[in-house]
Amino acid sequence: MITSFPSKWLYNPGGLRHFKFMPAYQVINQPLIRDSEITEPFTFSPGLSWLDGYATAETLNFNEPGTDSENGTIYDPEISGFVPGDKLDLIRLMSKMDRQPFLVLITDALGQLRVCGSHGYPLTFLSSFNSGTGRADSKGFQFSFKTQCIFRAPVYNV
């Protein structure tokens, strides 16, 4: 049922604190989304749990535009950020992750969790390296996780 807009929060900061991720092929069970919320944990391959992501402060962003289609609204969620450096282990990780499917768990500035890329709509990882042109520049990888799906990223209350 459609209702009035809820009253606004007194404190509503933007930005994301951090993210965790998991390769989609290592997810054994994805709980149901009920009314834009997931209330049960994901089940991963034995011995695995969410992997920790990293992005330089104030570069981590979540955007979820919707567009109209013949079949209803289509959402285009994207999580993007910047990770500094070009050490061999980071280069190898970016290469292994490129174009692979993932689920991503984001935490906003107030601690609310949302899951992106669940239920048959995994996010595809892409990265791009830039060395910068001067000493003041920070070299590293700009990265993004993105997909198209038929629902907004649900809140994760587990």
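The values are calculated or read from the model by the stated rules, or taken from the named source; none is laboratory data. Bear in mind the structure is a predicted one, so any value in this text is a computation, not a measurement. Cβ coordinates were reconstructed from backbone atoms using ideal geometry, including for glycine residues, and neighbour counts include every protein chain displayed.
Of the residues LEU48, LEU60, the single one that is modelled with pLDDT of 95 or more, over 22 Å from ILE150 (Cβ atoms) and in contact with a helix residue (DSSP H, G or I) (Cβ under 6 Å, 6 or more places away or on another chain) is LEU48. Being surrounded by 18 or more Cβ atoms within 10 Å (Cβ to Cβ), of a type outside the set (A, V, I, L, M), in contact with an Asp or Glu (Cβ under 7 Å, 6 or more places away or on another chain) and not in a loop (DSSP other than H, G, I, E, B) is a property that SER127 has. Of all residues in segment 1-21, those that are surrounded by fewer than 10 Cβ atoms within 10 Å (Cβ to Cβ) have Cβ atoms under 9 Å from Cβ atoms of residues that are among the acidic types (Asp, Glu), 6 or more apart or on another chain, in PRO13/ASP108; GLY14/ASP108.
Does PRO84 count as more than 17 Å from the chain's Cα centre (by Cα), surrounded by 10 or more Cβ atoms within 10 Å (Cβ to Cβ) and modelled with pLDDT of 95 or more?
Working: more than 17 Å from the chain's Cα centre (by Cα): yes; surrounded by 10 or more Cβ atoms within 10 Å (Cβ to Cβ): yes; modelled with pLDDT of 95 or more: yes.
Judged against the criteria, PRO84 is a match.
Test ASN29 against the criterion of being touching a strand residue (DSSP E or B) at 6+ places or on another chain (Cβ under 6 Å), modelled with pLDDT under 95 and not charged (D, E, K, R), and give yes or no. In short, yes. A single entry from VAL104, VAL27 fulfils the requirement of being of a type outside the set (Ser, Thr, Tyr), surrounded by 14 or more Cβ atoms within 10 Å (Cβ to Cβ) and touching a Cys at 6+ places or on another chain (Cβ under 7 Å): VAL104.
Cβ separations smaller than 8 Å between residues 6+ apart or across chains give the following pairs from segment 137-158 residues that are at positive phi to residues that are in a strand (DSSP E or B): GLY140/PHE82; GLY140/VAL83; GLY140/PRO84; GLY140/PHE129; GLY140/ASN130. Checking each residue of segment 112-121 against the condition of being in contact (Cβ under 8 Å) with a residue 24 or more places away in the chain and touching a Lys or Arg at 6+ places or on another chain (Cβ under 8 Å) gives no match. The condition of being surrounded by 18 or more Cβ atoms within 10 Å (Cβ to Cβ) and under 15 Å from the mean Cα position of the chain (by Cα) holds for only one of GLY117, GLY111, that being GLY117.
Give me the residue from segment 48-80 that is under 24 Å from SER36 (Cβ atoms) and of a type in the set (Gly, Ala, Ser) and, out of that set, surrounded by the fewest Cβ atoms within 10 Å (Cβ to Cβ).
That would be GLY72.
Scanning segment 68-81 for residues that are farther than 13 Å from CYS116 by Cα and part of a strand (DSSP E or B), which turns out nearest to the chain's Cα centre (by Cα)? So that I can check it myself, show each step before the final result.
Just the residues of segment 68-81 that are farther than 13 Å from CYS116 by Cα, to begin with: 68-74, 81.
Then drop every residue that is not part of a strand (DSSP E or B), which leaves 68-69, 72-74, 81.
Values: ASP68: 22, SER69: 24, GLY72: 23, THR73: 20, ILE74: 17, GLY81: 10 Å.
If we take residues in segment 68-81 being farther than 13 Å from CYS116 by Cα and part of a strand (DSSP E or B), then GLY81 is nearest to the chain's Cα centre (by Cα).
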